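Here the structure is laid out as structure tokens; the discussion comes afterwards.
The values are calculated or read from the model by the stated rules, or taken from the named source; none is laboratory data. Computed from a predicted structure; not experimentally measured. Cβ coordinates were reconstructed from backbone atoms using ideal geometry, including for glycine residues, and neighbour counts include every protein chain displayed. Accessible surface is based on the protein model in full, side chains and every heavy atom, while ligands, DNA and RNA are left aside. Shrake-Rupley method; radii C 1.70, N 1.55, O 1.52, S 1.80 Å.
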Amino acid sequence: VSFTFGCPAKDIVANLARRGSRVVVTVTSAAEAVLAAEAGADALCVQGAEAGGHRGTFDNPARPDDMGLLPLLRTVIATVDTPLIAAGGLSHGNDIAAVLVAGARAAQLGTIFLACPESGAHKLHKEALTDPAYPGTAVTRAFTGRPARGLVNRFVLDHSEAAPAAYPHVRHVTRDIIRAAAQAGDTAAMFLLAGQAHRFAREQPAAQLVRSLAEQARAALNQAIHRWPTG
Ligand SMILES: Cc1cc2nc3c(=O)[nH]c(=O)nc-3n(C[C@H](O)[C@H](O)[C@H](O)COP(=O)(O)O)c2cc1C
């Protein structure tokens, strides 16, 4: 069972454990990692600022931590002993190899799967991931009231500054607008969640993508040692 946007109380984690579940909590800072470790989480998903989708930040009104995945991993490793899953901006097996070497037990990838046929993302969302018309991504509260990283479109530019830290209230306000935009094929007002490595998302079956990520990671781990200067 995985949690985001906060950490369950110790007794909830213990109850899940008694029923045979493993508990994962998404964290975006060392302070959150301490709380999740103290609650008894089996593993922490360490979400770097590069990640697509909502930031897992516990305290919504607080400014989200903007630490990138590698420094965040290092900081969390120095703080807690709990096994870590690294997430944020990973799009290739070489990236997976990098976070395993950095000390993560596993890697979690989201955006790179959005273009797969199994993904329920809107066709225009899938196409926008590789469309050079999109200058990049930003973290915004404009769509839901919680910080989320997505492609920068007109809605993000117009509403990010005024958006309050009110989740899920803002989501209720924007839901119909987003739905109408998707029906009209107007990507300027769609919620185009994406991480910083969105340009590498390609349409291919998810199983094939997983296989190639694993092969790339294995090869990268073998090759890296040979790149190290000898003597
Ligand atoms: C479209 C989308 C939906 C997501 N939904 C969830 C979710 O429901 N729960 C969750 O814990 N994380 C969710 N995430 C975040 C991922 O778990 C992960 O942190 C992120 O995708 C990793 O960064 P990447 O997208 O750059 O690979 C979502 C991410 C995306 C892109």
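Structure above, values below:
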read-out: Qualifying position, being of a type outside the set (Ser, Thr, Tyr), within 11 Å of the ligand (Cβ to nearest atom) and open to solvent by 30 Å² or more (accessible area, probe 1.4 Å), among Gly40, Gly120; value: Gly120
read-out: Selected residue (criterion: most open to solvent (accessible area, probe 1.4 Å)) from residues of the stretch 4-28 that are under 17 Å from Ala148 (Cβ atoms) and hydroxyl-bearing (Ser, Thr, Tyr); value: Thr4
read-out: Per-region count, the stretch 82-105, residues surrounded by fewer than 22 Cβ atoms within 10 Å (Cβ to Cβ), without any contact (Cβ under 8 Å) to a residue 40 or more places away in the chain and within 12 Å of the ligand (Cβ to nearest atom); value: 0
read-out: Candidate set from the stretch 171-190 (those that are more than 16 Å from the ligand (Cβ to nearest atom), open to solvent by 20 Å² or more (accessible area, probe 1.4 Å) and touching a residue at least 12 places away in the same chain (Cβ under 8 Å)); member that is nearest to Phe58 (Cα to Cα); value: Ile177
read-out: Matching residues, the stretch 123-138, being of a type in the set (A, V, I, L, M, F, W, C) and open to solvent by less than 60 Å² (accessible area, probe 1.4 Å); value: Leu124, Ala128, Leu129, Ala138
read-out: Positions within the stretch 191-200 being assigned to a loop (DSSP other than H, G, I, E, B) and surrounded by fewer than 24 Cβ atoms within 10 Å (Cβ to Cβ), in sequence order; value: Gln196, Ala197
read-out: Subset of the stretch 120-135 [assigned to a helix (DSSP H, G or I) and among the polar types (S, T, N, Q)]; value: none
read-out: Verdict on Phe113 being touching a Ser or Thr at 6+ places or on another chain (Cβ under 7 Å) and near the ligand (Cβ under 9 Å from one of its atoms); value: yes
read-out: Per-region count, the stretch 45-81, residues farther than 24 Å from Ala142 by Cα, in contact with a strand residue (DSSP E or B) (Cβ under 6 Å, 6 or more places away or on another chain) and surrounded by fewer than 24 Cβ atoms within 10 Å (Cβ to Cβ); value: 1
